[in-house]
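Visitor: Could you have a look at this structure, given as structure tokens, before my questions?
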């Protein structure tokens, strides 16, 4: 699990938070551990990684973290205040639809393409922070 790159996100994360394509737990599980008051859901469609995340959340003392074996387009929880992802390229329109108005998107890696409803915010180096403005 990569911890150091996630540290700058801790101050930007909002609840509820959904981590798309959680893989090894970074950034979503790391944020859940750093900020125990956050309501966090980890979405991971691959069986082995999903099983790892369930055990890692339990071992970390965060049994309330939702670990769901599903893709972002299967999410039924409705729009959230915060989305995060690392190394996953998704169309900006799909990310926009998962956010509440005023919600924040935190991306480690390549920024999503432009979308009129997603406006860049100031963020730490290596983090693309965007706000849903419509």
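Visitor: Indicate, rounded to the nearest 5 percent, the antiparallel portion of the DSSP beta bridges found entirely in the stretch 80-134. Kindly include the intermediate steps, with their values, before the conclusion.
Guide: Numbers: 9 of 15 bridges.
For the stretch 80-134, the DSSP antiparallel bridge percentage is about 60.
Visitor: Another question, then. May I ask what percent, to the nearest 5, of DSSP beta bridges between residues of the stretch 4-132 are antiparallel?
Guide: Numbers: 9 of 26 bridges.
In the stretch 4-132, DSSP labels about 35 percent of beta bridges as antiparallel.
Visitor: Over all distinct Cα pairs, what is the inverse of the mean 1/r for the stretch 4-132, reported as the Kirkwood hydrodynamic radius in Å? Intermediate values should be presented prior to the final figure.
Guide: Details: mean 1/r = 0.0699 Å⁻¹.
The answer is 14.3 Å.
Visitor: If each residue's Cβ is checked for other Cβ atoms within 10 Å, how do 3, 80 rank with the fewest at the top?
Guide: On the way: 3 13, 80 19.
Lowest to highest Cβ neighbour count: 3, 80.
Visitor: Who wins for biggest fluctuation among 108, 17, 29 in a Gaussian network model of the chain, springs between alpha carbons below 10 Å?
Guide: 108
Visitor: Taking 41 Å as R0, compute the FRET efficiency from the Cβ-Cβ separation of residue 93 and residue 3 and round it to 0.05. Please report the intermediate quantities before stating the final value.
Guide: Numbers: r = 31 Å, r/R0 = 0.77.
Once the sixth-power term is evaluated, E becomes 0.85.
Visitor: Can I ask one more? Which ordering of 7, 83, 12, 118 is given by a fewest-first count of other beta-carbon atoms within 10 Å?
Guide: Details: 7 13, 83 29, 12 17, 118 24.
Least to most surrounded, the residues fall as 7, 12, 118, 83.
Visitor: To the nearest 10 degrees, how steep is helix 47-59 against the longest Cα principal axis of the chain, on a 0 to 90 scale?
Guide: 70 degrees
Visitor: Taking neighbour counts of Cβ atoms within 10 Å as a proxy for exposure, in what order, fewest first, do 121, 37 appear? The partial results should precede the final answer.
Guide: Working: 121 14, 37 6.
Final ranking by Cβ density, sparse to dense: 37, 121.
Visitor: Also: Based solely on its DSSP helices, what 222 nm [θ] is calculated for the chain when runs of n ≥ 4 H residues each add -39,500 (n - 2.57) and the sum is averaged over all residues, nearest 500 deg cm²/dmol?
Guide: -5500 deg cm²/dmol
All of the numbers you see were taken from the coordinates with simple rules; none came from a lab. Just so it is clear, the model here is predicted, and its values are computed rather than measured. Note: ideal-geometry Cβ built from the backbone for every residue, glycine included; neighbour counts use all protein chains shown.
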